[in-house]
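> Can you read through this structure? Questions will come right after.
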Amino acid sequence: MSFNVKLALAVALFWIAISPPLFTNGQCTAEFEAETKRLGTDQASIRSSALARTYWNERSVPYSFLTPEQCRQRKPRTLDRCADGPLIIARVPVKNMICNLYRDDEITTWLQYDSHDRLSRVQFDMRPYKSLPVPGTDMTIHWAR
């Protein structure tokens, strides 16, 4: 094979490897939004840390439970400060294979409780999708949206 054919083949393979996230059609964001909506619907199941632990166990979702003391000793870097109650960090696996490979493999759910074990804060995290505006047009290309 000549150098030009090898180069063309390499470029084609590169484009094939990076193209799947261009065709998710919003499925990654939809999966993230579905999880946030599900937790909103299941609010009664997470109103206390004990109920939340049962909830995550029933869904077979891995989670970490941190007491206020444990949180202060090894505060997660994305947390501003530890509260007076327990913190539960659940990691919901992303089901869509393209989203899992190219965007994020989990949706992180932070459940913060107050000193009376009442849910005081819910936060969801997933790596954001990337966008590239096409110069000279109104078109934008979204990566793993």
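Each value in this text was obtained by applying a stated rule to the coordinates, not by laboratory testing. Since the model is a prediction, treat every value here as computed from it, not as a measurement. A quick note on method: Cβ atoms are made from the backbone with ideal geometry, for glycine too, and the neighbour counts reach across all protein chains shown.
> For the list (1) under 24 Å from Ala30 (Cα atoms); (2) surrounded by fewer than 14 Cβ atoms within 10 Å (Cβ to Cβ); (3) of a type outside the set (Lys, Arg), I need the number of the one condition that Ile46 fails.
If we test Ile46 against (1) under 24 Å from Ala30 (Cα atoms); (2) surrounded by fewer than 14 Cβ atoms within 10 Å (Cβ to Cβ); (3) of a type outside the set (Lys, Arg), just (2) comes out false.
> Now for a separate question. Just to check your reading of the model, which residue among Glu58, Glu31 is in contact with a helix residue (DSSP H, G or I) (Cβ under 7 Å, 6 or more places away or on another chain) and not hydrophobic (A, V, I, L, M, F, W, C)? First the steps, then the outcome.
Working: Glu58 fails: in contact with a helix residue (DSSP H, G or I) (Cβ under 7 Å, 6 or more places away or on another chain).
Step by step, each of Glu58, Glu31 is checked, and only Glu31 is in contact with a helix residue (DSSP H, G or I) (Cβ under 7 Å, 6 or more places away or on another chain) and not hydrophobic (A, V, I, L, M, F, W, C).
> Look at Ser60 and say whether it is over 14 Å from the mean Cα position of the chain (by Cα) and either under 22 Å from Pro128 (Cα atoms) or in contact (Cβ under 8 Å) with a residue 24 or more places away in the chain (or both).
It is false that Ser60 is over 14 Å from the mean Cα position of the chain (by Cα) and either under 22 Å from Pro128 (Cα atoms) or in contact (Cβ under 8 Å) with a residue 24 or more places away in the chain (or both).
> Of the conditions (1) closer than 22 Å to Pro93 by Cα; (2) over 20 Å from the mean Cα position of the chain (by Cα), Cys71 satisfies every one except a single condition; which number is it?
(1)
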